[in-house]
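*Asks:* Structure incoming, see below.
The values are calculated or read from the model by the stated rules, or taken from the named source; none is laboratory data. Keep in mind it's a predicted model, so treat the numbers as computed, not measured. Please note: Cβ atoms are built from the backbone with ideal geometry, for glycine as well, and neighbour counts cover all protein chains shown.
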DNA sequence: TGGTTTTACTGAACAGTGTTCACTATATTT
DNA sequence: AAATATAGTGAACACTGTTCAGTAAAACCA
């Protein structure tokens, strides 16, 4: 059975090889511009081979999609040490903004793109995103319990805060602020200013 | 010279024909799925003909892009009659949400898509969007003057409000709320609830 | 009217995309 | 050693945006 084991390991290795190459190319040039043939060229296999390991292009990028959530999740869990839930909430917002601006391609896949999520939504597999959202809901609930923010439905408040930071990041990385004569350095400050404005407003 | 005039009219007619077909197909199936060949088939011309009237695909959709802004602009100007600037601001938010949810493809082109705006941003031609944003800034300035909302920089507040509603719409039309077990009917209410939450928070 | 030029249009091609499938060569099993 | 299972591939399919040489008709000029 040792042979079968080795074969299975080899198979996983080649899957990993594909993912690593795909991730590399994806971070260099984004989803749309990374073709199956690009990946195949990079790992020196035929394009057809990739389809032995993945059903379709989206399946590869679903893996990268998850990597993105792991990355964001890691940065979120770093904030667990912050005792004051309001401070923690604030830092979560800052972290989210930073993540989006610094990893626009990951962000795109995670929160903007249409394609790969169609599958995900149906298969109810958006655990990573769901976890992050639940973490937000919990933090906001803590704030409410300790009466650090104005009373309200924690679900609505969570959705509001998420929508707010998502709006900032997505308008920013899709260059909608540029047209309003806001240059990049300035706009990064404006994002933080806007978050501050939001936080001051929900503060009790 | 009458002939030249007629020819010019004919040329505009055919341009219009292309745009109308493109708009129709676009509203049926969105940007990506509307190909030049689709449009050519529809108007019963060769694909190459379309390139006599438009430099590239994006140029066609830039026209549709402007149509979208006209549509939203029309709905915004309807609100000018509202005297109370806070009420007007609130209605602008509702109108924005409604527009986005009811015209997801227009919204996509206007505020989410990457491609066609690259050109627009460079050519500093985003007048339509700029106007809408200035209208928002003016309304917010009025609110500030009349001390109906908490003091702050009108620019930051405008950016915040825009980002907020954009976040709601774009997460909604890209199905990011679906995965959180929020069905469509409910989520439309949640959008309004969130807007209400935002407005109550900035209220003085 | 006849010949020339301009205009409008097109078929075919180029280079690219995701994806499939018959086929080959190697490795494993019997 | 022969039969079978596995891994990988070249070539093709049906698309995409875009270009360009070639054609047919309309407009212009003599």
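*Asks:* Would a scan of segment B:60-78 turn up a residue that is modelled with pLDDT of 95 or more, more than 25 Å from residue A:113 (Cβ to Cβ) and in contact with a strand residue (DSSP E or B) (Cβ under 9 Å, 6 or more places away or on another chain)?
*Replies:* no
*Asks:* Residues in segment B:7-18: is at least one within 16 Å of DNA strand C (Cβ to nearest atom), under 21 Å from the mean Cα position of the chain (by Cα) and surrounded by fewer than 13 Cβ atoms within 10 Å (Cβ to Cβ)?
*Replies:* Yes.
*Asks:* Kindly list, by first and then second residue, each pair from a residue in segment A:50-62 that is closer than 18 Å to residue A:10 by Cα to a residue that is within 8 Å of DNA strand D (Cβ to nearest atom) and modelled with pLDDT under 95, limited to pairs with Cβ atoms under 6 Å and residues at least 6 apart or on different chains.
*Replies:* So the pair list comes out empty.
*Asks:* Report, by residue number, each residue of segment B:174-192 that is surrounded by fewer than 23 Cβ atoms within 10 Å (Cβ to Cβ) and either at pLDDT 95 or above or outside the structural domain of residue B:88 (by TED's automatic domain parsing) (or both).
*Replies:* Within segment B:174-192, B:192 is the sole residue that qualifies.
*Asks:* Another one. Name the residues in segment B:24-48 that are free of Cβ contacts under 8 Å to residues at least 12 places away in the same chain and assigned to a helix (DSSP H, G or I), would you?
*Replies:* B:28, B:29, B:37, B:40, B:41, B:47, B:48
*Asks:* Now, a different point. Test residue A:48 against the stated conditions and say whether it is more than 14 Å from chain B (Cβ to nearest Cβ), within 16 Å of DNA strand C (Cβ to nearest atom) and crowded, with 17+ Cβ neighbours inside 10 Å.
*Replies:* Considered against the rule, which asks whether it is more than 14 Å from chain B (Cβ to nearest Cβ), within 16 Å of DNA strand C (Cβ to nearest atom) and crowded, with 17+ Cβ neighbours inside 10 Å, residue A:48 comes out as no.
*Asks:* Looking at residue A:41, is it more than 9 Å from DNA strand D (Cβ to nearest atom), away from chain B (no Cβ under 14 Å) and either over 15 Å from residue A:113 (Cβ atoms) or loosely packed, with under 13 Cβ neighbours inside 10 Å (or both)?
*Replies:* yes
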